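Trainee: What follows is a single structure, and I will ask about it in a moment.
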Amino acid sequence: MSAAHAADTPTYNARQLLVPSYLTGAILGIVGFLIGHWYVAQYIGVGHDEAGPNFTEQALVIGYILALVGWLIGIGAFKYPITWLLARREPDHEEDLRLAGAGQGWVRYFRFTTDHKVVGIQYLVLVLIMLGLGGLGAFLIRSELARPGALLYPPNTYNTIVTMHGMLMILATITFFIGPFGNFVVPIMIGARDMAFPRLNALSFALLVPAVVIFLSIPWLGLGQSAGTGGGLQTGWTFYGPIADQTGIGATAFAFSVLLAGTSSILGGINVIVTIVTMRTRGMRWTRLPMTVWGIFGSALLVAIGTSSFTADLFLILLDRVWNTSFFYVATGGNSVGQGGGNAWLSQNLFWFFGHPEVYVIVLPAFGIVMDLIAIFSRKPLFGYKTGVIGIMGVVVLSFLVWQHHEFVSGWAPELRFWYMATTELISIPTGLVFLVALGTIWRGRVWLTVPMAFAIAFLWNFVVGGLTGVFLSDVPADVQLHGGMFVVSHFHFTIVGGSLMGFFAAVYFWFPKMTGRMMDARLGWIHFWLANIGFNIAFLAIMVAGLQGMPRRVADYDPVFATPNLIASIFAYVLIAGVAVFFFNVVYSWVAGEKAAANPWGALSLEWQVPTPVPLENFEQIPVVTTGPYDYGEPAAATPGIEHAAGGEVAG
Amino acid sequence: MSDAQPPTTPPAPTVAEARGSIRRAVLYWAILTVVLELAFILLAPYLTAWQILPPAAGDRSDEINTVMWLFSVLSLPVFAMVVVFALYSASAWGSRARPRAQGPAMLVSSRFIGWWLAISVVLVVFLYVYGLAFLAQVDARPTSNVLRVSVNGEQWLWNYSYPQYGDVGGSELWLVVNRPTTFTITSSDVQHSFWIPAFDIKQDAVPGEPTSISVTPKQLGDYQVRCAELCGIYHSYMETPVHVVTQDVFDAQVANLPPAAPPAASSLVPIQLATSAQAVVPRRDTAGLAEG
């Protein structure tokens with residue numbers, strides 16, 4: 001993969017390899033944390049009669065802030081800005097290339113590197129790690145819930161696992177299209193040499209790494225405190241106001257790390273928006289963008305606007321916890337430091353104003369990718385290009401107008417329910433357009449049943465179940481019964497796992513050859529496909545039944561009346577997990593020993609397949625000029641591909 | 001290439017074949033829809049008996065079950081359409097081999113989109129109007145012969161008291177069959193959610209913001225209140241029984257209830273299980289979890 005660059009500089013000395021790198025970043029990060037922690041202990045703790053109620057939390061937060069600074073210095077994030085600021089000049093082309101990792105071999109993957117392809121690979125690896133750990137959480141959850149009774153862990157440990165599974169998966173899924181594919185694929189797709197803001201791009205990844213590290217430290221925080229007081233998180237990923245104020249010290253780490261990850265997402269989102277708006281090459285009109293670009297564009301719009309609301313929420317919770325404000329401290333009497341009089345609904349509204357668009361952040365790129373893949377593997381133009389775009393952008397607009405449906409039973413603004421019920425049900429119309437395009441495109445196609453195509457078809461099947469169960473929840477009377485129960489769990493897993501995660505698998509199988517230079521193993525891919533889909537569908541249908549029965553969600557233990565569906569769900573969840581394990585094995589195996597990929601193994605027409613593999617540092621020797629769209633398949637119109645530099649774009653190879 | 005490549009690929013479908021396939025696919029769609037609908041409609045009456053739906057013991061339960069029944073009936077054709085058209089295409093024209101030719105350049109017509117949108121809009125409007133009709137019932141509050149119950153959630157108990165009966169109460173809920181009941185719900189610490197699945201009612205208990213919901217129990221029997229909002233360590237054990245009894249039994253029961261303890265002062269302290277005065281009632285074989 002790094003062969004092209006290895007040729008440039010055959011040798012490195014140890015200093016070049018290690019400084020700056022993630023190793024120095026980690027060392028300076030730890031040093032920063034210790035300094036911050038020590039400083040608070042020495043100078044802020046002094047003067048209090050005793051270490052105040054939030055003393056440990058303050059030490060933790062100041063430590064995290066200095067750790068972040070140390071990490072950024074250590075990986076080289078400040079090196080070039082300082083070089084130029086002090087020299088008071090713009091970097092020349094060669095310096096830009098060096099910042100982008102030119103001539104640094106594999107080390108460039110372990111330091112602050114601006115090349116969008118390096119950042120894309122970094123994101124891919126991090127996202128896979130997060131998915132793996134989140135999947136481990138799923139395994140632990142289903143193991144506990146296999147039978148009634150507290151089988152394996154005490155309830156506070158279970159709640160911690162549920163919370164971490166939820167948030168880790170959300171962070172992973174929010175990132176898993178915009179991160180790897182928005183970075184690696186989108187700039188090439190639109191004919192650009194890099195993202196609009198390459199250093200901002202590297203920064204958004206650099207922020208996500210410490211966020212994940214801090215997040216993973218949560219189970220070890222507060223362990224020394226007595227059982228039930230400190231350890232772990234009792235909040236769920238929704239992290240609502242009062243309980244997030246009350247729960248142990250892990251909540252401070254949670255708030256800080258998710259705040260960091262949210263900031264990273266906002267920066268990434270803005271970068272993607274600006275890149276798509278401003279960096280399209282000549283002839284790459286809005287009507288010639290591949291659907292993937294539209295999906296990621298819509299998703300980035302939602303991230304940039306919606307995540308701000310959640311980061312605000314987390315910031316307020318952090319202030320409540322660490323500096324004794326009372327945004328969510330509802331207690332009327334006030335406590336020893338005078339907190340009280342907050343509002344419990346504020347947190348829910350800040351959260352869901354982000355939380356609902358957020359599910360479309362996850363699914364919109366999948367819409368785009370699925371439409372793309374179905375067109376490519378059916379060898380047909382999209383059934384309706386503008387219809388698909390209207391579908392995606394319609395969801396973007398509507399998704400900000402529906403969040404109150406998470407408050408249907410909260411008692412907040414019940415007089416608004418009639419309106420939010422309407423907007424929620426309306427969102428099925430643009431979603432339906434996406435399905436119309438997908439089904440119309442596959443119809444009468446020359447369907448090439450590859451692994452990515454299979455996952456794209458599975459997306460349709462699974463997501464429609466998620467959509468239809470969503471209709472039940474959009475209806476206030478039915479929601480009053482189903483809200484907060486396992487039915488909801490089943491519903492959103494059908495959209496996010498059955499839908500988006502299958503879309504992500506499709507995308508990985510599809511772009512893996514371009515990103516790594518190797519094909520993924522198809523035989524393992526099919527095993528993965530069948531295990532994952534059979535396991536997923538049966539497991540979550542069983543969970544749906546448990547929800548209809550009246551089983552609340554996020555419970556560590558349950559009434560034996562729910563035993564049968566839970567046992568079925570656990571067994572088939574293991575099947576799903578086995579399938580995903582095959583996928584992880586396949587990624588590692590194929591990356592190391594997979595078959596070498598041709599430049600355009602799928603015969604696709606979009607630009608990223610017209611450049612060589614591995615993709616050169618600046619993507620294109622000459623910036624291409626686009627004269628036709630990416631879907632010019634079909635007889636007889638597409639006898640000649642319309643993209644210049646496209647060597648035999650028509651079903652090449 | 002990792003995909004196997006047999007020497008031949010299927011020939012391109014002709015227009016006549018395409019017409020035939022649309023007829024076949026629509027037929028399969030119809031068949032699958034009828035099969036699913038029949039299976040669902042025949043099995044639906046037994047769902048309560050098989051405990052897949054909770055007992056329909058509240059006055060709105062039947063209506064909510066009807067809503068869900070109707071949504072299911074309307075959902076099945078949509079589900080069948082996606083499945084049939086996707087899988088038909090994959091099986092009729094799919095091949096593991098790389099295609100040597102291309103598909104027809106079909107584009108959707110505005111008339112087709114018009115019909116598609118029209119049908120979607122009609123469905124959505126129907127669902128909406130139908131939901132609105134029941135929304136009024138969800139919000140309806142009875143006015144005569146109302147039993148008023150104050151509900152207070154605290155970690156991890158439900159406390160009930162009866163303002164019309166001298167504020168007596170306890171942690172088990174007693175209701176009168178066929179007597180309209182209005183709950184006023186609040187919380188001492190964090191959010192909880194007051195859910196009685198058998199009555200199809202749910203309302204969050206929000207600290208500092210009293211909420212309310214009404215129901216009329218229709219069947220004698222014992223049911224469960226379950227907390228539906230993650231509220232801390234013992235969230236899953238925050239369940240208490242509901243006894244629906246006749247007015248006579250209720251009167252006798254209430255006469256024996258002690259005065260309800262005043263709701264705990266609204267407080268939010270770090271949980272100290274070891275010293276907590278709040279009893280955690282293990283309702284199943286999970287002894288050893290309760291500390292208080």
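Trainee: Tell me, what does the Kirkwood hydrodynamic radius of the protein assembly as shown come to in angstroms if you use every pair of distinct C-alpha atoms? Provide the component values of the computation, followed by the final result.
Mentor: Details: mean 1/r = 0.0340 Å⁻¹.
By the Kirkwood definition, the hydrodynamic radius is 29.4 Å.
Trainee: Let me ask something else about it. With each pseudo-label sitting 7 Å past Cα toward Cβ, what's the B:Arg100-B:Thr48 distance in nm, one decimal?
Mentor: 6.4 nm
Trainee: If the only charges are +1 at each Lys and Arg Cβ and -1 at each Asp and Glu Cβ, what is the size of the charge dipole of the stretch A:473-572 around the Cα centre, to the nearest 20 debye? Show your work: numbers first, answer last.
Mentor: Values: 5 positive and 5 negative charges, 100 e Å.
With Lys and Arg at +1 and Asp and Glu at -1, about 480 debye.
Trainee: Now, a different point. Would you be so kind as to identify which of A:Trp511, A:Asn324, B:Leu123 lies farthest towards the positive end of the dipole of the protein assembly as shown, taking Lys and Arg as +1 and Asp and Glu as -1 on Cβ and the Cα centre as origin?
Mentor: Sorting the options by dipole projection puts first A:Trp511.
Trainee: Extent of the stretch B:1-155 along each principal axis, from alpha carbon coordinates, in Å, largest to smallest?
Mentor: 80, 37, 36
Trainee: Given +1 on the Cβ of Lys and Arg, -1 on the Cβ of Asp and Glu, and no further charges, what dipole in debye does the stretch B:186-247 carry about its Cα centre, rounded to the nearest 20? Don't jump to the answer; show the numbers that get you there.
Mentor: On the way: 3 positive and 7 negative charges, 40 e Å.
I would put it at about 200 debye.
Trainee: Another question, then. Which whole number of Å³ per residue matches the convex hull of the alpha-carbon atoms in the stretch A:433-489? Don't skip to the answer; put the middle values down first.
Mentor: Working: hull volume 4.7 nm³, N = 57.
It comes to 82 Å³ per residue, whole-number rounded.
Trainee: As an exercise, use a Förster radius of 60 Å and the Cβ-Cβ distance of A:Glu621 and B:Leu132 to find the FRET efficiency, rounded to the nearest 0.05.
Mentor: Details: r = 61 Å, r/R0 = 1.02.
Efficiency computed from Cβ-Cβ geometry: 0.45.
Trainee: Between B:Thr240 and residues 5 or more places away or on another chain, which pairs have amide H atoms under 5 Å apart, with H built 1.01 Å from N, and which residues are they?
Mentor: B:Val225
Trainee: Sticking with this structure for a sec: What are the DSSP H helices in chain A that stretch 27 Å or more along their long axis, judged by alpha-carbon atoms, and whose average Kyte-Doolittle hydropathy comes to at least -0.5?
Mentor: Values: long enough: A:55-75 (30 Å, 1.76); A:116-144 (41 Å, 1.40); A:155-175 (30 Å, 0.75); A:198-216 (28 Å, 1.85); A:250-278 (41 Å, 1.68); A:291-323 (46 Å, 1.38); A:344-378 (51 Å, 1.30); A:451-474 (34 Å, 1.77); A:522-549 (40 Å, 1.27); A:563-593 (44 Å, 1.73).
In chain A, the long hydrophobic H runs are A:55-75, A:116-144, A:155-175, A:198-216, A:250-278, A:291-323, A:344-378, A:451-474, A:522-549, A:563-593.
Trainee: Same structure again: In whole Hz, what ³J(HN,Hα) sequence does the stretch B:29-42 give by Karplus (6.51, -1.76, 1.60; θ = phi - 60°), x for Gly and Pro?
Mentor: After applying 6.51 cos²θ - 1.76 cosθ + 1.60, I find 4, 4, 4, 4, 4, 4, 4, 4, 5, 4, 4, 5, 5, 6 Hz.
Trainee: Mind checking the full-extension length gain between A:Met393 and A:Leu567? Use 0.36 nm per residue of separation minus the Cα-Cα distance, one decimal, nm.
Mentor: On the way: separation 174, 0.36 × 174 = 62.64 nm, distance 4.06 nm.
Extending this stretch completely gives an extra 58.6 nm.
Trainee: In addition: Starting from the eigenvalues of the Cα gyration tensor, five times each then square-rooted, give me the equivalent ellipsoid semi-axes of the stretch A:381-540, largest first, whole Å. Before the final figure, lay out each step's value.
Mentor: Details: eigenvalues 216, 75, 32 Å².
Rounded to whole Å, the semi-axes are 33, 19, 13.
Trainee: Give me a single rounded figure for A:319-331: the average over its residues of other chain Cβ atoms within 10 Å of their Cβ. Walk me through the intermediate numbers first.
Mentor: Working: counts 0, 0, 0, 0, 0, 0, 0, 1, 0, 3, 3, 12, 9.
The shielding value for this peptide is 2.
Trainee: Quick one: work out the % antiparallel among DSSP beta bridges in the protein assembly as shown, nearest 5.
Mentor: Details: 32 of 46 bridges.
Once the DSSP bridges in the protein assembly as shown are tallied, antiparallel ones form about 70 percent.
Trainee: Let me ask something additional. Rg/Rh for the stretch A:471-520 to two decimals, with Rh computed the Kirkwood way over all alpha-carbon pairs. Don't jump to the answer; show the numbers that get you there.
Mentor: Working: Rg = 17.2 Å, Rh = 13.0 Å.
Taking Rg over the Kirkwood Rh, I get 1.32.
Trainee: To the nearest 20 debye, what is the magnitude of the charge dipole of the protein assembly as shown about its Cα centre, counting +1 on the Cβ of each Lys and Arg and -1 on the Cβ of each Asp and Glu? Could the numbers behind the result be given before it?
Mentor: Values: 45 positive and 54 negative charges, 587 e Å.
Here the protein assembly as shown has a charge dipole of around 2820 debye.
Trainee: Report the net charge of residues surrounding A:Arg199, where surrounding means a beta-carbon distance below 14 angstrom and charges are Lys +1, Arg +1, Asp -1, Glu -1. Provide the component values of the computation, followed by the final result.
Mentor: On the way: positive: A:Lys79, A:Arg98, A:Arg111; negative: A:Glu90, A:Glu95, A:Asp96, A:Asp115, A:Asp194.
That sum, taken over residues with Cβ under 14 Å, equals -2.
Trainee: Test of the criteria: in the stretch B:97-203, which chymotrypsin sites (Phe, Trp or Tyr not before Pro) are in a DSSP loop and have at most 12 other Cβ atoms within 10 angstrom of their Cβ? If you can, show how the numbers build up before the last one.
Mentor: Numbers: sites: B:Phe112, B:Trp115, B:Trp116, B:Phe126, B:Tyr128, B:Tyr130, B:Phe134, B:Trp156, B:Trp158, B:Tyr160, B:Tyr165, B:Trp174, B:Phe183, B:Phe194, B:Trp195, B:Phe199; in loops: B:Trp156.
Listed in order of number, the matching sites amount to none.
Trainee: Then there is this: Per-residue HN-Hα couplings for the stretch A:324-329, Karplus 6.51 cos²θ - 1.76 cosθ + 1.60 at θ = phi - 60°, whole Hz, x for Gly and Pro?
Mentor: Those phi angles translate into 6, 6, 9, 5, 10, 6 Hz.
Trainee: Quickly work out the B:Thr66-to-B:Ala18 label distance, labels modelled 7 Å from Cα along the C-beta direction, and quote it in nm with one decimal.
Mentor: Taking the simple label geometry, B:Ala18 and B:Thr66 are separated by 4.6 nm.
Trainee: Taking 7 Å along the Cα-to-C-beta vector as the label spot, tell me the B:Ser91-B:Tyr28 distance in nanometres, rounded to one decimal.
Mentor: The modelled label-to-label distance comes out at 0.5 nm.
Trainee: Follow-up question, since we're still on this one. How big is the convex hull of the Cα atoms of the stretch B:139-230, per residue, in Å³?
Mentor: Numbers: hull volume 8.8 nm³, N = 92.
About 96 Å³ per residue, rounded to a whole number.
Trainee: What is the diffusion coefficient of the stretch B:110-151 in µm²/s, taking the Kirkwood radius over Cα pairs and the Stokes-Einstein relation at 4 °C with a viscosity of 1.567 mPa s?
Mentor: 96 µm²/s
Trainee: Based on the Cβ-Cβ distance of B:His243 and B:Tyr165, what FRET efficiency does E = 1/(1 + (r/R0)^6) give at R0 = 22 Å, to the nearest 0.05?
Mentor: Details: r = 15 Å, r/R0 = 0.69.
So, using R0 = 22 Å, E works out to roughly 0.90.
Trainee: Computed FRET efficiency, Cβ-Cβ of A:Val592 and A:Arg15, R0 22 Å: what is it to the nearest 0.05?
Mentor: Working: r = 29 Å, r/R0 = 1.30.
Taking R0 as 22 Å, the efficiency between A:Val592 and A:Arg15 is 0.15.
Trainee: Taking +1 at the Cβ of each Lys and Arg and -1 at the Cβ of each Asp and Glu, which of B:Thr186, B:Val176, B:Gln203 sits farthest along the dipole of the stretch B:151-212 towards its positive end, judged by Cα position relative to the Cα centre?
Mentor: After comparing all options, I get B:Val176.
Trainee: Can you work out the PRE-style zone for A:Ala87? Point 7 Å along Cα to Cβ, and I want the residues of the stretch A:101-133 with backbone N under 20 Å.
Mentor: Taking a point 7 Å out along Cα→Cβ of A:Ala87, the residues of the stretch A:101-133 whose backbone N falls under 20 Å are A:101-104, A:112-115.
Trainee: Put +1 on the Cβ of each Lys and Arg and -1 on the Cβ of each Asp and Glu in chain A; which of A:Val437, A:Leu382, A:Gly269 then has its Cα farthest toward the positive end of the dipole?
Mentor: About the Cα centre, the residue reaching furthest to the positive side is A:Leu382.
Trainee: Separation of the stretch B:198-217 and the stretch A:528-542 by C-alpha centroid, Å?
Mentor: Taking the Cα centre of each part, the stretch B:198-217 and the stretch A:528-542 sit 36 Å apart.
Trainee: May I ask you to work out the translational diffusion coefficient for the stretch A:308-417 at 25 °C, viscosity 0.890 mPa s, via Stokes-Einstein with Rh from the Kirkwood sum over Cα pairs, reported in whole µm²/s?
Mentor: Rounded to a whole number, D works out at 145 µm²/s.
Any read-out appearing in this document is the output of simple, stated calculations on the displayed coordinates, not a laboratory observation. This is a predicted model, so every value here is computed, not measured. Positions of Cβ are backbone-derived with ideal geometry, glycine not excepted, and every protein chain shown enters the neighbour counts.
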